Amino acid sequence: MTSPVAPVRTSTLAVVGFIAAFIVPIAGLVIGIVARNQLQRPDNVEGGVGFARWAMIIGALGTAGNVVFIVVWASLMARVLSTM
């Protein structure tokens, strides 16, 4: 008789990074990178590589969007202030 296999634990850090990517994208990016590095270690027994990967993707896209927004906002403010 075979014993039931315990489900693989999902990395808490990967899940936190995924959630953080929607709230503070740069934090989600950093936490996702840290989680992925921990999950790639040979002695790792946790899962959650997908969460870590998506935290990095969403975090990178969100951070890029924030940078574009800040650059556009700053250029518009500079244009408005230069006409005064």
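The values are calculated or read from the model by the stated rules, or taken from the named source; none is laboratory data. Here the structure is a predicted model, which means the values were calculated and not measured. Using ideal geometry, Cβ is built from the backbone for each residue, glycine included, and neighbour counts are taken over all protein chains shown.
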> Of these, VAL30, VAL15, VAL5, which one is at pLDDT below 95 and either more than 8 Å from ALA55 (Cα to Cα) or surrounded by fewer than 18 Cβ atoms within 10 Å (Cβ to Cβ) (or both)?
Replying inline: VAL5
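Filter the range 35-47 down to residues that are hydrophobic (A, V, I, L, M, F, W, C) and surrounded by 15 or more Cβ atoms within 10 Å (Cβ to Cβ) and give me whichever is farthest from ILE57 (Cα to Cα).
At the first step, the residues of the range 35-47 found to be hydrophobic (A, V, I, L, M, F, W, C) are 35, 39, 45.
Imposing the further condition that a residue be surrounded by 15 or more Cβ atoms within 10 Å (Cβ to Cβ) reduces the set to 35, 39.
On the way: ALA35: 13, LEU39: 17 Å.
Filtering the range 35-47 for residues that are hydrophobic (A, V, I, L, M, F, W, C) and surrounded by 15 or more Cβ atoms within 10 Å (Cβ to Cβ), the one farthest from ILE57 (Cα to Cα) comes out as LEU39.
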